[in-house]
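Below is one structure; the comments refer to it alone.
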Amino acid sequence: MLGGIIMSNFCSNCGTPLDGTAKFCPSCGTATPAQAQPTSTATPSQMPHNPQQQTPPAQTPPPMQQPNPPYYNNRPPYPGQPTAPTPSVSDFGNEPYIPDESITDKFFRYDNRLNRKRYLLRSLALMGIYIVGAVIAGILSAIIDEIFGTLLLALIALAITVPSCMLLIRRLHDLDRPGWWVIGGFIPLLNFALSIYVIFIPGTPGPNQYGPDPLTVTN
């Protein structure tokens, strides 16, 4: 180790002492051995750039949850079904009651209300039609055939039942009751109590969930 240090300070050709910074021997001109270059340590800035290892993957933000619309009874509609708000009393507060004009509106609708007077008059009209039909069926039974008269009377009764149910549903709506209460008209004893109820109990004053008050018009 000592010999390496001494030889590094003398010329390898002529043995002349050399300065540590001399590149050539001043006596014979022989070049001095090259100085060992220090091994450089790569700094982070000199290291090869690898974007796949240094760049973190882009984070996709989670999708925002849309608020659920208010559905009736918390049941969403099926695809394509239009969503409409449930009618309330305030929906009919400023709407006038539109009286029925045609026969179809008077006897074959169930979407609004009917007060006691209109219900009684139209029910009596249907009862009169049934009585006339029963008389005609009895005459035809005596002239043509009893079976023919019986079938005719059954058809007349069936034709009267449909508008009678429509009138009863609208009368129940005037009392702020659901239309399915009309089933009570086909149950013995219950049909009698239901008839007393719709005839003697006045309807809801002012608008209710089924429409404006029918007493706002007189015709």
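Just so it is clear, none of the values below were taken in a lab; they were calculated from the coordinates. What you see is a predicted model; the values in this text were computed from it and never measured. Every residue, glycine among them, receives a Cβ derived from its backbone with ideal geometry; neighbour counts consider all protein chains shown.
Here the contact order of segment 98-213, divided by its residue count and restricted to Cα pairs under 8 Å and six or more residues apart, works out to 33 percent. Going from the fewest other Cβ atoms within 10 Å to the most, the residues Arg109, Arg170, Arg122 appear in the order Arg109, Arg122, Arg170. Under 5 Å from the amide H of Thr204 lie the amide H atoms of Leu175, Asp176, each residue being 5 or more positions distant or on a separate chain, with H modelled from the backbone and absent for Pro and chain starts. Using a simple spin-label model with points 7 Å from Cα along the Cα→Cβ vector, what separation in nm is obtained for Phe10 and Ile144? Result: 15.4 nm between the two label points. Amide H to amide H, with H built 1.01 Å from N, Phe10 comes under 5 Å of Leu18, counting only residues 5 or more places away or on other chains. For segment 178-188, putting each phi into the Karplus relation 6.51 cos²θ - 1.76 cosθ + 1.60 with θ = phi - 60° gives couplings of x, x, 5, 4, 4, 4, x, x, 9, 9, x Hz, in residue order, rounded to whole numbers and with x for Gly and Pro. For segment 148-219, the relative contact order works out to 25 percent when only alpha carbon pairs closer than 8 Å and six or more residues apart are counted.
Of Thr16, Thr204, the sequence from fewest to most neighbouring Cβ atoms within 10 angstrom is Thr16, Thr204.
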